[in-house]
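The values are calculated or read from the model by the stated rules, or taken from the named source; none is laboratory data. Since this is a predicted model, take the numbers as computed values, not measurements. Cβ: placed from backbone, ideal geometry, glycine included. Neighbour counts: every protein chain shown. For the accessible areas, the whole protein counts, side chains as well, though only heavy atoms, and no ligand, DNA or RNA atoms are used. Shrake-Rupley method; radii C 1.70, N 1.55, O 1.52, S 1.80 Å.
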Amino acid sequence: MSELTKLPSKLQITYATFGLMDLHNARALFDLLDCSQATKSDYKARVKQVIDYLKEHELTDDKKLTKNCLINYKKSLANNNKISVATKNKQLMTAKRFLQILYNASLIPFDATTDITGRQIKGFSQSKKHKKYGLKTSEVEAICQYLQTSQDTRLKAILSLLIYQGMRLIEISRLDIEDFDVKHMSLRVLGKGKDDKEAIRLHKQTATALTDYIKASQLKTGAMFVSQSNNSTGKRLSKTSIYMLVKGLLNELNIDNACHGFRHHFITALIDNGFELMRVIKLSRHTSIDMMQVYYDEVNDIERADELLNSLKFEVV
């Protein structure tokens, strides 16, 4: 008996009627996965494009899905010049997970995620190097100068977490008042891919900014950062809401960079100051040594490139 037979009748989808599957039922299938809610939401948002492709190209004229359906979908993504390689990989992964669910639930009689030899269909080759550099030190200084004259204690606290702690937006969104220990200058953070919060040491500027914000907001418990808008006053700020606040400041100061530029600057600054790899991994709450090595390689590549280019003494201007 498949796991699907244990679910509500609205999810009883047969192979013959797969082409008529509605989007709601397809999205509900991702609730069967053992992954974070954010990952499930991403799959649910992208699966419509997968279904649209399968219905248009694989299930026309009452045809049934073939084992080549994922390979064909990958080819269609490869020919799409309007989206990035990163987006193609996310879309392909959504299709793989969707087809794996259907196969494991006995809704289709084959595993479309493997080729004829049984090997998993690979994603698109993607550069691990960052597409954008982090914020410049002069830009961080300009932001700090702006904040010194600002009365927005919430914005000061958020920017302190970005500048001095290198936190991710999702980590900031998840913070609660109870996570802040002013006596021990620490903050409990739920990192990316983590199931439990870990305590991090705070820069004195961060501790001061958080203390001032909590005092001004008069918050006693619950979400650290809450909305101040009329429609959702008191509700926890989402990652998107925090992004809009920070991006608004960057735009106001004519700084052309993204919110991740703060984290990039934080990690690069640690490397520039001579911290060893494992120390930087701990301070930045990174889980991938390979990804952290990208930062080290990037710093070294820039230094070596500048040294090489500066050795060419010719002048044309």
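Assorted remarks:
- Accessible surface, the stretch 151-284, averaged per residue in Å² (probe 1.4 Å): 54 Å²
- Pairwise Cα distances in the stretch 214-292 exceed 19 Å in 57 percent of cases.
- Set of lysines with alpha-carbon distance to Lys183 below 23 Å, sequence-local pairs under 8 removed: Lys156, Lys197, Lys204, Lys215, Lys220, Lys282
- Three semi-axes describe the equivalent ellipsoid of the stretch 122-240; taken as square roots of 5 times the Cα gyration tensor eigenvalues and ordered largest first, they are 25, 19, 16 Å.
- Gyration tensor (alpha-carbon) shape descriptor, the stretch 66-106, a/c threshold 1.5: oblate
- Accessible surface of the stretch 125-254 [probe 1.4 Å, protein heavy atoms]: carbon and sulfur percent: 49 percent
- Proximal aspartates and glutamates relative to Lys90, as straight alpha-carbon distance under 13 Å, when same-chain residues fewer than 8 apart are discounted: Asp42
- Residue pairs, from the table Lys75/Lys96; Lys194/Lys247; Lys40/Lys247; Lys96/Lys122, whose Cα atoms sit over 18 Å apart: Lys194/Lys247; Lys40/Lys247
- Listed peptides 79-90, 180-191 by packing density, highest first (mean Cβ within 10 Å): 180-191, 79-90
- The stretch 91-111 and the stretch 152-221: distance between their alpha carbon centers, rounded to Å: 41 Å
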